[in-house]
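The next block holds one structure in the form of structure tokens; read it before the comments.
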There are 2 protein chains.
Amino acid sequence: MVKPNLQVALDNNTLESALSDVVAVGNIVDIVEAGTILILQEGKKAVSSLRALYPHKLIIADTKCADAGGTVAKNMADAGANWMTCICSATIPTMKSANQKIDQIQVELYGDWTRENAQAWLDAGIKQVIYHQSRDALLSGVSWGDKDLNKVKMLVDMGFKVSVTGGLSVDKLALFQGVNVYTFIAGRAITQADDPAKAAQAFQDELTRLWP
Amino acid sequence: MVKPNLQVALDNNTLESALSDVVAVGNIVDIVEAGTILILQEGKKAVSSLRALYPHKLIIADTKCADAGGTVAKNMADAGANWMTCICSATIPTMKSANQKIDQIQVELYGDWTRENAQAWLDAGIKQVIYHQSRDALLSGVSWGDKDLNKVKMLVDMGFKVSVTGGLSVDKLALFQGVNVYTFIAGRAITQADDPAKAAQAFQDELTRLWP
């Protein structure tokens, strides 16, 4: 199995705070994400500033695009993003038009979606999905379980590159051992750690151990 | 019946272009919307600039929030928005936490949703929904029909304040006569008209005629 990527999500309220967080870990993680909160606060500058800092790294714009896919994708690609997220309730035309204007889009799974929906995304040429525990659901006490793991496995088996996110800590990674997860996304587990670089490296070490 | 509101959606790629569009019609419309495209490009400045121009007008941040509802709502309220949109696939905890940090949230209806979902939003204290024809669906040839009208009526009957949007022109308003629509949202039908002020006034005149 291939070692999954490690992605840091920057969900800061200001660009300055995001820059401060990312310089500590940007060279340790594989992918840098301009989070939704950050983009809604700072706009495309959130993406273009990360691109300026990391000319050769994979950068994701977590726009959770629901409409006007072509326009948003062109704007994010222009700002320097490699990939961009679309919300799962976006229509297929929205996803297709986004997919034409940026290298790849990733479908973010929130709320109700079905295997039929997922097949329709595959048929539309979409290669990536993000399996999500909602931050607000986590705050209200929901956690990772077999139900999640079975859905992740189903998506991997269907042929998607699957990113996994939501309240992940190093000790939770072992839950996914044996599954071809493409990327694990961590936010505050890295950026709010006492030593963020050490925390990011601990994620990487555990990924190497579990996916040798 | 009460005359529906007229809302102008600013889906510009730059703040300057949005400002240029809004000054022509801001005093004619009832509600000004910072569109998703604009917020993703310019961040909270999109909202705070509109608030600076129109201290007493209803301003909506079309964030299509899918997660971290409390944070996004607080940020948008701080920037000067009265109301904010959440995507229908957001979880109930996300919608509830958003609803606590801003005056009202509006649920944007994209993709599949059910009457049971809508009842759960009502039960969570949400008063507004936005019935949407996706821009990309419209581009691919879909238009307004009885199916839409029946869903709008159902939502009104359930007790929601219902906004309606997506490819609306003045001549389409008559389709909704007799229905208690709360707000009609128009974007380019106003801002891209030869005479935007005249176009906005034509919408208002037709609303007055149809909902006397």
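Annotations
- Odd one out for A:Met1 among (1) closer than 17 Å to A:Thr183 by Cβ; (2) at pLDDT 95 or above: (2)
- Residues that are away from chain B (no Cβ under 13 Å) and in a helix (DSSP H, G or I) within region A:27-71 comprise A:Leu50, A:Arg51, A:Ala52, A:Leu53, listed in sequence order.
- Residue in region A:167-183 that is within 21 Å of A:Val8 (Cβ to Cβ), within 17 Å of the chain's Cα centre (by Cα) and in a strand (DSSP E or B) present: yes
- Failed item in (1) crowded, with 24+ Cβ neighbours inside 10 Å; (2) at pLDDT 95 or above; (3) over 18 Å from the mean Cα position of the chain (by Cα), with B:Glu33 passing the rest: (3)
- Verdict on B:Lys127 being under 16 Å from the mean Cα position of the chain (by Cα), within 11 Å of chain A (Cβ to nearest Cβ) and of a type in the set (Lys, Arg): no
- Test for B:Lys101: is it basic (Lys, Arg) and within 17 Å of the chain's Cα centre (by Cα): no
- Any hit, region B:62-73, residues being among the charged types (D, E, K, R) and modelled with pLDDT under 95: yes
- B:Arg188 being under 15 Å from B:Gly35 (Cβ atoms) and of a type outside the set (Val, Ile, Thr): yes
- Positions within region A:154-177 being exposed (fewer than 15 other Cβ atoms within 10 Å of the Cβ) and in contact (Cβ under 8 Å) with a residue 24 or more places away in the chain, in sequence order: A:Met154, A:Met158, A:Gly159, A:Ala174, A:Gln177
- Residue, surrounded by the fewest Cβ atoms within 10 Å (Cβ to Cβ), within region B:91-102, restricted to residues that are within 10 Å of chain A (Cβ to nearest Cβ) and modelled with pLDDT of 95 or more: B:Lys96
- Of all residues in region A:80-90, those that are surrounded by fewer than 23 Cβ atoms within 10 Å (Cβ to Cβ) and within 11 Å of chain B (Cβ to nearest Cβ) total 0.
- Verdict on A:Ile190 being in a strand (DSSP E or B), of a type outside the set (Gly, Ala, Ser) and within 18 Å of A:Ala9 (Cα to Cα): no
- One residue stands out among those in region A:78-102 that are part of a helix (DSSP H, G or I) and not hydrophobic (A, V, I, L, M, F, W, C): the one that is farthest from B:Ser140 (Cα to Cα), which is A:Asp78.
- Filtering A:Ile105, A:Ile126 for residues that are β-branched (Val, Ile, Thr) and either more than 19 Å from B:Ser140 (Cα to Cα) or surrounded by fewer than 21 Cβ atoms within 10 Å (Cβ to Cβ) (or both) leaves a single hit, A:Ile105.
- Matching residues in region B:1-21 - criterion: being part of a helix (DSSP H, G or I) and surrounded by fewer than 24 Cβ atoms within 10 Å (Cβ to Cβ): B:Leu15, B:Glu16, B:Ser17, B:Leu19, B:Ser20, B:Asp21
The values are calculated or read from the model by the stated rules, or taken from the named source; none is laboratory data. Just so it is clear, the structure is predicted and the values come from calculations on it, not from any experiment. A quick note on method: Cβ atoms are made from the backbone with ideal geometry, for glycine too, and the neighbour counts reach across all protein chains shown.
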